[in-house]
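Worksheet: the structure to be examined is printed underneath.
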Amino acid sequence: SITHTYPGENEAALRDVSLTLGDATVTALVGPNGSGKTTLMQILGGLMVPTSGSVAIDGSQASADDLLTGSIIASSARDFDELYSQSLVAYARLRPTWDEQLFTHYAERFDLRVNRKYVRKLSGGQAAILSASIALASGAPLTLLDEIQAPLDVPTRYALYEEILALAGECMEGKRPQRRFLISSHMVSELEKVAEDVIVLKKSELLAHETIDDFTCRVSALTGHASDIERFLAAHPDLAVIASRELGSTREIVVDLRGSAVGDTELASHSLTASPCSFQDAFAYLIQENDQ
């Protein structure tokens, strides 16, 4: 497990975070501001050494140099403003896994102009899509996209998601070497369409790491007559209620059913109907639950 505390800080930015990036090609990394998402990205990318713990690749402990060569991190931060866009791409081309054909495709789709102009002269969106295109074309086994889509307009964001899905699909089908993509974003609802797995961080700790489907299914809204809801809750005292609201004589509760034995038959016996929450609502409810 990884723990990291920044110099001069009392609180850990990451605390006992232990996870394995399995076969899932695209993983969403979500959490509120200050939950440790960027810190985790930078550790996985070899830009930072954790205070304690380590990262392993295929079972062998990886040094920061191993992580630097085996990964690439792209963010919407203006880290390369003092470089020419031409120089930035020339540097990226030094990677043995670089795919020039792929980069040319992105340059055409996103109308990238690679020339002797400083990156700082690009808009936030143009700079972000340049960084994302370089990361995707890099061929890096671990590709880390840290809020890269934040400055992009809606059509460009969705075009980028399309390209990530297309590339991930080719990797899954064996048309390209295996790669893993870790994408962090506050636009939680959009990631449901892109990712297979989700990692949720909250207050520097790991709250969940599972498939998107499992994460969405675990949180359900149960609706029924208030007395039926009370009878159901009395039969399941260990079931935590995340949210509750009255609708006249009807009551709706939101519960985390993961790990419980409650099934459709029992819900029907209590005259309750269940509806799964959206990915975004499940995330919001579980973050709220953790705050209580």
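The values are calculated or read from the model by the stated rules, or taken from the named source; none is laboratory data. Please read these numbers as outputs of a predicted model, since none were measured by experiment. Cβ coordinates were reconstructed from backbone atoms using ideal geometry, including for glycine residues, and neighbour counts include every protein chain displayed. Each accessible area value is taken on the protein alone, full model and side chains, heavy atoms only, with ligands, DNA and RNA left out. Shrake-Rupley method; radii C 1.70, N 1.55, O 1.52, S 1.80 Å.
How big is the chain along each principal axis, measuring the range of its Cα positions in Å and listing the largest first?
Dimensions of the chain along the principal axes of its Cα atoms: 71, 41, 37 Å.
Mind pulling the angle between the C-alpha long axis of helix 100-109 and the longest principal axis of the chain? Nearest 10 degrees, somewhere in 0 to 90.
Roughly 70 degrees between the two axes.
Taking the Cα atoms of the range 158-292 alone, what are Rg (to one decimal) and Dmax (as a whole number) in Å?
18.1, 58
Convex hull volume of the Cα atoms in the range 82-221, per residue, in Å³?
Numbers: hull volume 18.9 nm³, N = 140.
Spelled out: Cα convex hull of the range 82-221, divided by residues, is 135 Å³.
Give the shape of the range 27-102 as rounded, prolate or oblate, defined through the alpha-carbon gyration tensor: a ≥ b ≥ c are the square roots of its eigenvalues, a/c under 1.5 means rounded, and otherwise the shape is prolate if a/b is larger than b/c and oblate if not. Don't jump to the answer; show the numbers that get you there.
Details: a/c = 2.05, a/b = 1.34, b/c = 1.53.
It is oblate, given that a/c is not under 1.5 and a/b is not larger than b/c.
Before rounding to the nearest 500, sum -39500 (n - 2.57) across all DSSP H runs of length at least 4 in the chain and divide by the residue total; then give [θ] at 222 nm in deg cm²/dmol. The partial results should precede the final answer.
Working: 11 runs with 106 residues, N = 292.
Calculated from helices alone, the mean residue ellipticity at 222 nm is -10500 deg cm²/dmol.
Measure of size requested: the Rg and Dmax of the range 141-216, with Cα atoms as the atom set and Å as the unit; please supply both.
According to the Cα coordinates of the range 141-216, Rg and Dmax are 13.1, 39 Å.
Read phi for every residue in the range 92-99 and hand back ³J(HN,Hα) as whole Hz from Karplus 6.51 cos²θ - 1.76 cosθ + 1.60, θ = phi - 60°, with x for Gly and Pro.
My calculation for the range 92-99 gives 4, 5, 6, 5, x, 8, 4, 10 Hz in order.
Using DSSP to define loop residues, name the trypsin sites (Lys or Arg not before Pro) in the range 199-292 whose beta-carbon has at most 15 other beta-carbon atoms within 10 Å. Working shown, then result.
Numbers: sites: K202, K203, R218, R231, R245, R251, R258; in loops: K203, R258.
Filter output for the range 199-292: R258.
For the chain, what is the accessible area per residue in Å² when the probe is 1.4 Å?
On the way: 14520 Å² over 292 residues.
Value returned for the chain: 50 Å² of accessible area per residue.
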